[in-house]
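Worksheet: one structure, shown below.
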Amino acid sequence: MSFQFSISGLRKLCLSLGMLMLCMSSQAQVTFYDLDSIQEIRITFEQANWRHVLDSMFQNYGEDARLAATVQVNGETFQQSGIRYKGFSSYSEDQAKNPFNIDLDFGFADHNYQGFTKLKLSNVIHDPSFIREVLSYEVARNYMPASRANFANVYVNDTLLGLYTNVEAVDKKFISKNFPSNQNTFFKGSPATLQYPFGQNSNLAYTHGDDSTGYVPFYQLESALGWSDVFHFIDVLNNDTSHIPDVLNVDRALWMHAFNYALVNLDSYIAYSQNYYMYKDDNGCFNAIPWDLNMSFGSFRFSDGTSLNLSIAKAEQLNPLQHLYNSAYSPRPLMKNLFANTTFRKMYIAHLRTIIDEQFKTGIYMVRGQEIQNTIAQAVANDTNKFYSTADFLNNLTTTTGPSSDQNPGIQELMEARMAYLDSFPGFRGAPELSLQSFSPARPEQNESCLVECKVVSASHVYVYYRFSSNGLFMRQTMLDDGTNGDVQAGDSVYSASIIVSGDILHYYFYAENDSAGRFLPERAQYEFFTIYPKIQKNQVVLNELMLFNTTIVDQNGGYDPWLELYNTTDESLNLGGLQMYSEESPTISILTFPDTILPANEYIVIWLDGESAQPGLHASQRIDNSSWIRLSNTDLSDVDSLTFGLQSAGRSFGSWPNGSGINRYLRPTYVSCNQVATSNTYDFSAFPNPSNDHLYIEALDGQDVTSIELYNSNLQRVHYEESPFGTSPTKAALNDIDVSSMNAGLYVVKINRETQTDIIKVIISR
């Protein structure tokens, strides 16, 4: 028998290396979690008694031990993967189909499938419909960062165990995708020993002493360090409530609560106080992330925090403010201390209303539920270890199934009743109406005072929230309808505010409330918002790389036309709309005026300098073959960037080194990617191609003090001499072309004479 424990320093090192490789993977690969197909995962254990081994490890060591096995994911093999069981109520020693947690990188740090290293496979034990978890994550992703999920047929030693849900792990890869960092404090609401039915578990209450050590058994730290951050967060949440926004992304927590109450997801913070993650962003605020949605839509009703064994009727009428008004519930400060603030409470109900209106009143959930069931119907029929019948699978989307002792509400039946109940819930209706928002000017200058307006009916307070960074905190400003501070007319229901632009981008949204209710615009704020792109400043976009004699990249017509690469040097997306490009051949008439074009942060875009402006895409109206400069300007002709260049050669590009900011020189072509030097940067000069049989190019990093170039053959005979090889007024980066087509093959020496020294380069001429 061979199994390994996942508690050593070596294991942690391997995990770190695996995460490094994972972060280098392309985020564009998402097929592993596509809902249109069913994945295939095959596990091969060497041990014939693998079930007994896994049972023993899970019961005795929990998450700290794994059994090594070979895993195939859609035909790709991973040796020495680490396998363990997972779950609480979903695991049982007596059942054939238990949930799995798989580390592909357990034995080899570089093992990953499409960048993913951890597989979370749930056995669908509490869901006759099979779709609760997958559908719930799909709903959640409209309003907050949440995992992707689909299905996988799982085989062990070539025997089909059944159809599992395949859920994206909330790990460092997930954090990197949703936040600009992944190294900050990160913990999971997952108590070491679950206290039920009314235990505090991971409820974030200040009930375990005044030191972080008292809280260790109730939370699972996912980062290397951070217990002091966890304790400080709990301390402020309970004992310094006026500063909660300093340590918590309040809006994200409100969305999670609204989601849980909308979908009656009680195996979460709202009842058992578990199954959530918290990540501390770069602003110092913890962000809530939902987890483990397999018992949503009323499948879990064992407790709502105080009552035992809720009926389906009780679940349908679950009060979304029960923790605020009922002192019988065990502490839930992440709800109660937020809901005590009247504005936060109205925001929370507004989020709940948005989820109900968008996902359920429209019927989208039923359409998606049926589509998902259609995709997996045959796989469900083939699953002989499923916990319910195929008839239950077909019926539970709409109808309650199971015996009276173990009923699972029909998803449609539950949500129809839930919608009827919430429609009459205080604050659910009667909210202000917001429309006709505007921002002027549309492309503001830096430090310009701008006017933001919104028509709002039936509101007592109106606010605009805004920020100047995609990862920054939103600031709040009161909007007025009193005819002052830019407001055009008092009392016309058009509320106004002034914002002074100070950043590469501007995000904003609106919130209005009255005595009864609140409403956002857009309704999914602050997860969604309006965006303004200020006028582009000098060097925010640079002319990064030019290739006039293109021999490597084919355009949409199959030709090798000249191209110019632009690079966004900022950490924000920029709108290139309105920018104009000029060249030496066309110094006063723009050869390209950009349409609205969003260039993401630190990304590239290419303009074809082919004179084919009628073609789709970005094409200059004039072909550029020998211009000595190109300029990029705003509509007011203020410079954004320019590029001056000399002689160009086939197979080489010209641009900045280092990428986006350095001096211009000759490069190895790197179409829409980071610039690289063409040859070694050991010397100030280089020669290419080497060997050469036609033209030999001498590249000068700085050719301004070069007096002459000489070429000698192996007999030390001078076969070429040229004074001022880079011209009388050379640019810093310069190129000299030597015709070697008539010279004999052999070893040659290039002698480059400068005012203060001489440089030597060895080259080969071949035939």
Practice item. Place the peptides 111-117, 208-214, 243-249 in order of packing, highest mean first, counting for every residue the other Cβ atoms within 10 Å and averaging per peptide. Key: 111-117, 243-249, 208-214
**Study point:** Heavy atoms of T756 accessible to a 1.4 Å probe, total area in Å² rounded to 10
**Key:** 120 Å²
Revision key, fill the gap. Computed for the stretch 534-619: size of charge dipole around the Cα centre, +1 on C-beta of each Lys and Arg, -1 on C-beta of each Asp and Glu, debye to nearest 20, value 260 debye
Point to revise | Gain on full stretching of the segment that runs from D235 to S502 - 0.36 nm per residue minus C-alpha separation | key: 92.7 nm
Exercise for review: Order the peptides 391-400, 289-298 from the highest to the lowest mean number of other Cβ atoms within 10 Å of their residues.
Suggested key: 289-298, 391-400
Check your understanding: Roughly how many Å² of Y272 are accessible to a 1.4 Å probe, to the nearest 10?
Key -> 10 Å²
**Study point:** Dipole of the stretch 582-725 [Lys/Arg +1, Asp/Glu -1 at C-beta], most positive-end residue of N634, P600, S673
**Key:** S673
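Taking every pair of Cα atoms in the chain, average 1/r, invert it to obtain the Kirkwood radius, and report Rg/Rh to two decimals.
Ratio of gyration radius to Kirkwood radius for the chain: 1.06.
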Check your understanding: So what are the three principal axis dimensions of the stretch 464-593 from its Cα atoms, in whole Å, longest to shortest?
Key -> 68, 32, 25
Review point. Hey, if we sort V672, V71 by accessible area with the 1.4 Å probe, largest down, what's the order?
Key: V672, V71
Study note, to complete from the structure: Ranking S303, V236, V250 by how far each Cα lies towards the positive end of the charge dipole of the stretch 223-368 (+1 on Lys and Arg Cβ, -1 on Asp and Glu Cβ), the top one is S303
Check your understanding: Mind checking the angle between helix 50-61 and the chain's longest principal axis? C-alpha axes, 0 to 90 degrees, to the nearest 10.
Key -> 80 degrees
Point to revise | Rounded to 10°, Cα long-axis angle of helix 250-262 versus longest principal axis of the chain | key: 50 degrees
Check your understanding: How far, in degrees from 0 to 90, does helix 342-355 lean away from the longest principal axis of the Cα atoms of the chain, to the nearest 10?
Key -> 80 degrees
Point to revise | Positive minus negative residues near N101 (Lys, Arg vs Asp, Glu; Cβ under 10 Å) | key: +3
Point to revise | Farthest toward positive dipole pole in the chain [+1 Lys/Arg, -1 Asp/Glu at C-beta], among S212, G558, A391 | key: A391
**Study point:** the chain: relative contact order in percent, alpha carbon pairs under 8 Å with at least 6 residues between
**Key:** 7 percent
Review point. Could you give the dipole magnitude of the chain about its Cα centre, charging the beta-carbon of Lys and Arg +1 and that of Asp and Glu -1, in debye to the nearest 20?
Key: 1580 debye
Point to revise | Cut-off 13 Å between beta-carbons: net charge of the residues surrounding Y164, Lys and Arg +1, Asp and Glu -1 | key: +1
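How long is the gain from S714 to D694 if the chain were fully straight, where each residue apart is worth 0.36 nm and the alpha carbon distance is subtracted?
5.4 nm
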**Study point:** Helix-only mean residue ellipticity at 222 nm for the chain, each DSSP H run of n ≥ 4 adding -39500 (n - 2.57), per residue, nearest 500
**Key:** -5500 deg cm²/dmol
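Leaving ligands, DNA and RNA out of it, rank W608, W629 by accessible area with a 1.4 Å probe, largest first.
If we order W608, W629 from most to least accessible, we get W629, W608.
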Check your understanding: How many Å² of accessible area per residue for the chain, probe 1.4 Å?
Key -> 40 Å²
Exercise for review: Could you work out the relative contact order of the stretch 143-245, using alpha carbon pairs under 8 angstrom and six or more residues apart, expressed as a whole percent?
Suggested key: 21 percent
Review point. In the stretch 93-240, if every C-alpha pair distance is counted and binned at 10 Å from zero, what percent goes to each bin?
Key: 9, 28, 35, 22, 5, 0
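Apply 1/(1 + (r/R0)^6) to the Cβ-Cβ distance of Y61 and H208, taking R0 = 22 Å, and write down the FRET efficiency to the nearest 0.05.
Working: r = 25 Å, r/R0 = 1.12.
Once the sixth-power term is evaluated, E becomes 0.35.
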Check your understanding: Taking the Cα-to-Cβ direction at E371 and at D34 and moving 7 Å from each Cα, how far apart do the two end points lie in nm?
Key -> 1.4 nm
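Compactness ratio of the stretch 605-763: Cα Rg over 2.2 N^0.38 Å, N = residue count?
1.18
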Study note, to complete from the structure: Scattering profile of the stretch 287-405 from the Debye formula, Cα beads only, expressed as log10 I(q)/I(0) at q = 0.14, 0.16, 0.18, 0.20 Å⁻¹, is -0.84, -1.03, -1.20, -1.33
Exercise for review: Select from the stretch 477-584 those trypsin sites (Lys or Arg not before Pro) which occupy a DSSP coil region and have at most 15 other Cβ atoms within 10 Å, ordered by residue number.
Suggested key: K538
Check your understanding: At T193 and H52, where each label point lies 7 Å from the Cα along Cα→Cβ, what is the point-to-point distance in nanometres?
Key -> 2.9 nm
Check your understanding: Size of the stretch 328-375 along its principal axes in angstrom, Cα-based, largest extent first?
Key -> 43, 23, 15
Check your understanding: To two decimal places, what compactness ratio does the stretch 716-767 give when its Cα radius of gyration is scaled by 2.2 N^0.38 Å?
Key -> 1.26
Exercise for review: Give me the lysines in straight-line cross-link reach of K538: C-alpha distance below 30 Å, same-chain residues under 8 apart excluded.
Suggested key: K177, K732
Review point. By per-residue mean of other Cβ atoms within 10 Å, what is the highest-first order of 136-147, 456-467?
Key: 136-147, 456-467
Check your understanding: To the nearest 10 square angstrom, how much accessible area does Y329 have with a 1.4 angstrom probe?
Key -> 30 Å²
Check your understanding: If we count every other residue with Cβ under 11 angstrom of G491's Cβ, Lys/Arg +1 and Asp/Glu -1, where does the sum land?
Key -> -4
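The values are calculated or read from the model by the stated rules, or taken from the named source; none is laboratory data. What you see is a predicted model, and the numbers here were worked out from it, not measured in a lab. Neighbour counts run over all protein chains shown; Cβ positions are idealised from the backbone, glycine included. Side chains are part of the model used for accessible areas, which takes the heavy atoms of the whole protein and leaves out ligands, DNA and RNA. Shrake-Rupley method; radii C 1.70, N 1.55, O 1.52, S 1.80 Å.
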